[in-house]
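**Student:** Before we start, here is the structure in question, set down as structure tokens.
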Amino acid sequence: MKKTLVTLAVLATAVSVFAQGTVMFTGFSSGNGVNWKVFQADGTTPLSGANYFAQLLSAPGLGQTAGFIEGTPATTFRTGSAAGYAALTTVTLLNVPGESMAGVTFRVAAWDNTSGLYPTWSEASTAWQNGLIAGGMSVPSDFTAKIGGNLTTPPYVTGLTSFNIAIVPEPSSLALAGLGAAAMLIFRRRK
């Protein structure tokens with residue numbers, strides 16, 4: 001019996017060490033201090049519905065600017081008067097242990113998934129960088145609350161800020177725009 005109890009204690013400790021942290025991710029929860037939106041490139045039209053996705057990215061430690069990893073799952077956006085707000089979901093942080101109090105830096109990625117081809121940010125970011133879809137990311141935000149785990153209820157992610165998504169122009173488009181501007185200057189000087 002004693003060996004069984006010791007074995008169970010060791011297993012419980014091992015599970016808690018390798019447990020992944022969890023947080024509540026949403027764009028709006030007035031009782032929890034959450035209020036941020038994502039807009040189209042015009043800065044006024046909020047994202048709305050299941051064609052737009054948002055995903056929480058995390059990096060262990062405070063003040064991080066790189067090393068962000070996607071939490072799972074991604075979520076969609078609310079509609080109607082709540083458009084622009086990411087729908088509530090519990091996100092598992094793959095690089096932050098449960099019960100952690102060491103601090104985390106969060107970012108949000110959002111993108112247009114009308115095609116259905118980009119269910120995660122890792123897939124969408126490549127398409128965004130190639131000018132195929134509208135996407136964007138929030139600025140990094142430090143989070144110091146205890147991360148959810150086996151013993152702690154997942155906290156709401158606070159401190160995130162609103163941002164816009166847009167299509168990144170292809171380098172060839174930028175080059176053509178530059179050539180056009182140069183040609184206009186040359187013709188203007190000739191007159």
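The values are calculated or read from the model by the stated rules, or taken from the named source; none is laboratory data. Since we're looking at a predicted model, the values are computed, not measured. Neighbour counts are summed over all protein chains in view; Cβ atoms, including those assigned to glycine, are modelled from backbone coordinates with ideal geometry.
**Student:** Would region 120-134 turn up any residue that is under 19 Å from F163 (Cβ atoms), in contact with a helix residue (DSSP H, G or I) (Cβ under 6 Å, 6 or more places away or on another chain), polar (S, T, N, Q) and modelled with pLDDT of 95 or more?
**Tutor:** Within region 120-134, not a single residue is under 19 Å from F163 (Cβ atoms), in contact with a helix residue (DSSP H, G or I) (Cβ under 6 Å, 6 or more places away or on another chain), polar (S, T, N, Q) and modelled with pLDDT of 95 or more.
**Student:** For region 76-126, what are the residues that are surrounded by fewer than 15 Cβ atoms within 10 Å (Cβ to Cβ), assigned to a loop (DSSP other than H, G, I, E, B) and touching a residue at least 24 places away in the same chain (Cβ under 8 Å)?
**Tutor:** Result: M101, A102, T114, P119.
**Student:** Look through S81, S48, S125 and report the one residue that is out of contact with any strand residue (DSSP E or B) (no Cβ under 9 Å at 6 or more places or on another chain) and farther than 26 Å from G149 by Cβ.
**Tutor:** Working: S48 fails: out of contact with any strand residue (DSSP E or B) (no Cβ under 9 Å at 6 or more places or on another chain); S125 fails: out of contact with any strand residue (DSSP E or B) (no Cβ under 9 Å at 6 or more places or on another chain).
After applying the criteria, what remains is S81.
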